[in-house]
Amino acid sequence: MASILSSAIIVNAKESVKTYSDTTTALYEELRQIINELRADGFMGDASEGFNDFFTTKATPVLVDNLNSVTGGVNSMLDTIQEQLLNTVDPQLGDANRNPGQ
């Protein structure tokens, strides 16, 4: 089914990306807090330090850095679509359709 691309669709998509990013960031912070509380409540020693190192060096980059990279890329792509298609091509086509043959 065909759809018509509009600025509103781009705005809605960017809002959805922001909502997704905000939600995943909040979930990450909640997980980080749970880990901090677990470690403070008696999970200590090498196992605790190893787990914390794993979470900090392996899980955090995936959960934070990669998410920021992906959402930034999606937003950049949406901005490019807005600038190159909707802001330039569509008005030119609109003018040509209003004044055919001139």
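Note on Asn52 and Asp22: with the Förster distance fixed at 30 Å, the Cβ-Cβ geometry gives a FRET efficiency of about 0.75. Shown in residue order for the range 57-62 are the 3J(HN,Hα) couplings computed by the Karplus curve 6.51 cos²θ - 1.76 cosθ + 1.60 at θ = phi - 60°: 8, 10, 6, 4, x, 5 Hz (x for Gly and Pro).
Based on Cα atoms of the chain, Rg over Rh with Rh as the Kirkwood radius reads 1.32.
When the chain is treated as a Gaussian network with alpha carbon springs shorter than 10 Å, the biggest mean-square fluctuation among Val64, Val11, Val89 belongs to Val89. Within the full protein context, the accessible area of Ile10 is estimated at about 10 Å² for a probe radius of 1.4 Å.
Element breakdown for the chain at a 1.4 angstrom probe: carbon and sulfur atoms account for 59% of the accessible area. Classify the range 31-75: rounded, prolate or oblate, from the alpha-carbon gyration tensor (a ≥ b ≥ c, eigenvalue square roots; a/c under 1.5 rounded; otherwise prolate if a/b is larger than b/c)? Here the range 31-75 falls in the oblate category. Considering only Ala47, Pro61, Leu93, the residue lying farthest towards the positive end of the dipole of the chain is Leu93, judged by Cα position with unit charges set on Cβ. Residues Lys58, Lys14, ordered by accessible area of protein heavy atoms at a 1.4 angstrom probe radius and largest first, appear as Lys58, Lys14.
Look at the dipole of the chain built from charges on Cβ: of Asn36, Thr24, Ser76, the Cα furthest out on the positive end belongs to Ser76. At 27 Å minimum axial length over the Cα atoms and a Kyte-Doolittle cut of -1.0, report the qualifying DSSP H helices in the chain, or say none. Span-like helices, by this rule, are 7-40. Of Thr88, Thr71, the residue with the largest accessible area leads and the full order is Thr88, Thr71 (1.4 Å probe). Dipole size of the chain about its Cα centre, with +1 on Lys/Arg Cβ and -1 on Asp/Glu Cβ: approximately 400 debye, rounded to the nearest 20.
The values are calculated or read from the model by the stated rules, or taken from the named source; none is laboratory data. Note that this is a predicted model, so its numbers are computed, not measured. Cβ atoms come from the backbone with ideal geometry, glycine included; neighbour counts cover every protein chain shown. The protein model used for the area step is the full one, side chains on, heavy atoms only, and it has no ligands, DNA or RNA in it. Shrake-Rupley method; radii C 1.70, N 1.55, O 1.52, S 1.80 Å.
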